[in-house]
Amino acid sequence: MPTGAGDKPTTERLVSVTLERTDRRMGRWEYPSWHIVQVRDLGAGGADAASSDPGAAPLRTTWPKLPITLHKDAIEGYWYNLSGNLPSVFVVCREVDHDEDDGPRLAPARVTLNHDEAAAHLETDDTVLSIGMPQSLLEWLTAFVEQHYKPETRKKRKRAEWGEEEHDAQRPRAQRPVRGH
């Protein structure tokens, strides 16, 4: 894993995200549909400014330099993402500058590799888009999880004392604990 100042593991990477909007038709109604075209790992580097091509049939917009930060306390969500069929990058989007001609537009508010965080945003009605994780991000996340993930050890529940029932049966009826009511 790359190291920075003070030999601390790098826990943040920059990515660029390209979203595309197409208009879908359902019956007489037309509605915008968004999906991720590409997520590019920039590492610690940079990229060009945000760009869009409003004249093209599908509307594509690229946002450069969006951070992905890994946190040790979210390690279970990263592990769950890696253990699935397709490790993914999740882009949480919010609606911005609603235009009468173009309709609503989405912009990335957050990029995460944490499956649990993405699910939480879905529950709050945020738009969450996903795409397969690029190989460089997959290797970075795998190294982070291997270094920090320690599965919880399962503990047996402590059972009630078995001898308690026998002991209660030998007491006079008035001293027995009342059960059931």
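The values are calculated or read from the model by the stated rules, or taken from the named source; none is laboratory data. Fair warning: this is a prediction, and the values are worked out from it, not measured in the lab. Glycine also receives a Cβ, built like all others from the backbone with ideal geometry; neighbour counts cover every protein chain displayed.
Summary table below
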item	result
Filtered residues of the stretch 129-159 (kept if assigned to a helix (DSSP H, G or I), of a type outside the set (Phe, Trp, Tyr) and in contact (Cβ under 8 Å) with a residue 40 or more places away in the chain)	136, 137, 138, 141, 142, 143, 145, 147, 148
Flag if residue 51 is hydroxyl-bearing (Ser, Thr, Tyr) and at pLDDT below 90	yes
Hits in the stretch 74-87 (condition: crowded, with 20+ Cβ neighbours inside 10 Å and hydroxyl-bearing (Ser, Thr, Tyr))	78
Unique match (being within 20 Å of residue 20 (Cβ to Cβ) and either exposed (fewer than 15 other Cβ atoms within 10 Å of the Cβ) or modelled with pLDDT under 90 (or both)) among 95, 146	95
Matching residues in the stretch 9-31 - criterion: being of a type in the set (A, V, I, L, M, F, W, C) and free of Cβ contacts under 8 Å to residues at least 60 places away in the same chain	14, 26, 29
Flag if residue 73 is at pLDDT below 95 and farther than 23 Å from residue 11 by Cβ	no
